[in-house]
1. Check Glu105, Glu90 and return the single one that is under 16 Å from the mean Cα position of the chain (by Cα) and under 24 Å from Lys124 (Cβ atoms).
2. Taking only pairs six or more apart or across chains, which ones have beta-carbon atoms under 8 Å, a first residue in the range 66-90 that is on the phi < 0 side of the Ramachandran plot, and a second residue that is charged (D, E, K, R) and part of a helix (DSSP H, G or I)?
3. I need the strands (runs of 3 or more DSSP E) fully contained in the range 6-49, keeping only those with at least 2 residues that are within 25 Å of the chain's Cα centre (by Cα), over 23 Å from Thr87 (Cα atoms) and touching a residue at least 40 places away in the same chain (Cβ under 8 Å).
4. For Lys124, indicate whether it is over 21 Å from Thr87 (Cβ atoms) and not β-branched (Val, Ile, Thr).
5. Out of the helices (runs of 4 or more DSSP H) lying entirely within the range 115-177, which hold 2 or more residues that are crowded, with 20+ Cβ neighbours inside 10 Å?
6. Identify the residue in the range 91-109 that is in contact (Cβ under 8 Å) with a residue 24 or more places away in the chain and in a helix (DSSP H, G or I) and, among all such residues, is surrounded by the fewest Cβ atoms within 10 Å (Cβ to Cβ).
Amino acid sequence: TENTPGIQAIINGKIYRLGNEKLMSDNQITMVLNGKEIKPKPQRIFLSNESQLIGYFDINTPMHKDAKATFDALKAKGIKTILLSGTDEETLKNAAKTLGASAYEANCLGGIAKKDYLDKLKGKIAMVGDGLNDAIALKSATIGIAVAEANVFSKSSADVVICKEGLLPIVNFFKNSN
């Protein structure tokens, strides 16, 4: 993550590092693998030895199974949907297109970035979240909605906690409220 750059280990007398771009740059590791420049992303983890990058992988959170159906149902009710995420631009753009989101904002790292984005919006704002970084935005929205899988901080910051698994129960919430 942003505050924890990674780990370092000595294996058979050689140093190996696993972490984000900051850990690599702090140790003068060039972001090149097999002659190709590797761009950092918020969800990208790098592996290096003492002197060079030797691999990387991306950690992606899978979409909820009912995400598309939820977005479609909200859109049918005339509700504008915006994805806010710490995910990189390309990944979030593809997710927004797949889901049919009205808009998206990538690289929203931390709760303050999400809150600041919501503060710029006009009208009644419902924020749906599940992570620690969503807690501040859930609290600042007109109505904060935490899903069943949310962590304790998001649940305690939300006005409403959806107890049934998945996202589709959110549609029922809007159907049954004013």
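Every number in this text was worked out from the coordinates using simple rules, so none of it is lab data. From a predicted model like this one, the values you see are computed outputs, not experimental measurements. FYI the Cβ positions are ideal-geometry reconstructions off the backbone, even for glycines, and counts take in every protein chain you see.
1. Criteria check complete, one pass: Glu105.
2. Taking only residues 6 or more apart or on different chains, the pairs are Lys77/Lys175; Thr81/Lys75; Leu84/Lys114.
3. On the way: elements: 6-11, 14-19, 44-48.
Because the criterion is at least 2 residues that are within 25 Å of the chain's Cα centre (by Cα), over 23 Å from Thr87 (Cα atoms) and touching a residue at least 40 places away in the same chain (Cβ under 8 Å), no strands (runs of 3 or more DSSP E) in the range 6-49 meet it.
4. yes
5. The helices (runs of 4 or more DSSP H) meeting that bar are 135-140, 152-157.
6. Restricting to residues being in contact (Cβ under 8 Å) with a residue 24 or more places away in the chain and in a helix (DSSP H, G or I), the top hit is Thr98.
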